[in-house]
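Here's the structure, in C-alpha cells; my notes come after.
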Amino acid sequence: MMATISRSYSGFLREVTSIKYLLMSTHVLALLVLFGLLAPASAQNMDDPTALKMGQTGANTFVGMLSDSTCGPRHKMMDKSAEECARACQRAGAKYVLVAGEKVYGLSGRSNDLAYLAGQKVKVTGSAQGGVISVTAVAPIR
C-alpha cells in the first residue's frame, strides 16, 4: 500500500515539475518575442529627433516619399506598386516629387538615382528654391 502511494506521489511530482517547466519556458519565450519586437524600434537613432521626421530635417536635407507630380501622395494606378506607378507616370511626362507630409517639393537633377528610388522613402540632399529642390544626393531610408 505504501509503495503504491509513494509511486503515485512521485508521478504527481513529475507532472507538477513538467508543468512548472512548461510555464517557465512559455514566459521566457514571451519575453524573447517581446524584446525581439521592441529591438528594431530601439535600434533607431533616438538621439536624433528628426531621424524619421518627414519634411526638411536640416538646412539642405529633406525626408519624404519619392513620387511623381501626377499622382503625388496617392498613386492612381491601383494595380501597380508605388514604384511602378511613379516610373510609369514619369515616362508619361510627370516629374519626380518629394512628398513630405503635407508639402510636395519638385525635384531636379540626379534623374537616374530618382528613377531607381521611385516610390520609396528617401533622404534628399540639395538646395531648395521655392518649391523645387536641386538634388545633389538621394539615399533610401530603411
Qualifying positions in region 88-102 - among the small types (Gly, Ala, Ser), closer than 16 Å to Met54 by Cβ and either over 20 Å from the mean Cα position of the chain (by Cα) or not in a loop (DSSP other than H, G, I, E, B) (or both) = Ala100
Scan (1) crowded, with 16+ Cβ neighbours inside 10 Å; (2) part of a loop (DSSP other than H, G, I, E, B); (3) in contact with a Cys (Cβ under 8 Å, 6 or more places away or on another chain) for the single condition Ala118 breaks and write down its number.
-> (3)
Residues located in region 103-115, provided they are assigned to a strand (DSSP E or B) and in contact with a helix residue (DSSP H, G or I) (Cβ under 9 Å, 6 or more places away or on another chain) | Leu107
Per the list (1) modelled with pLDDT under 80; (2) assigned by TED's automatic domain parsing to the domain that holds Val104; (3) aromatic (Phe, Trp, Tyr), residue check on Tyr21 breaks on (2)
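Listed here are the residues, each with its yes/no results for (1) out of contact with any helix residue (DSSP H, G or I) (no Cβ under 8 Å at 6 or more places or on another chain); (2) modelled with pLDDT under 85.
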residue	(1), (2)
Ala51	yes, yes
Gln56	yes, yes
Ala59	yes, yes
Val63	yes, no
Leu66	no, no
Thr70	no, no
Arg74	yes, yes
Asp79	yes, yes
Arg87	no, no
Residue pairs within 8 Å by beta carbon, gap of at least six or interchain, first lying in region 124-142 and touching a residue at least 60 places away in the same chain (Cβ under 8 Å) and surrounded by 15 or more Cβ atoms within 10 Å (Cβ to Cβ), second of a type in the set (Gly, Ala, Ser) and assigned to a loop (DSSP other than H, G, I, E, B), listed first then second, are Gly126/Gly109
Which residues, taken from region 126-142, are among the small types (Gly, Ala, Ser) and part of a strand (DSSP E or B)?
-> Gly126, Ser127, Ala128, Ser134, Ala137, Ala139
State whether the residues of region 62-76 include one that is in contact with a strand residue (DSSP E or B) (Cβ under 6 Å, 6 or more places away or on another chain), part of a loop (DSSP other than H, G, I, E, B), hydroxyl-bearing (Ser, Thr, Tyr) and buried (at least 16 other Cβ atoms within 10 Å of the Cβ).
-> yes
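The values are calculated or read from the model by the stated rules, or taken from the named source; none is laboratory data. Just so we're clear, the structure is a prediction, and the values are computed from it rather than from any experiment. Don't worry about glycine lacking a Cβ; one is built from the backbone with ideal geometry, like all the others, and counts go over all protein chains shown.
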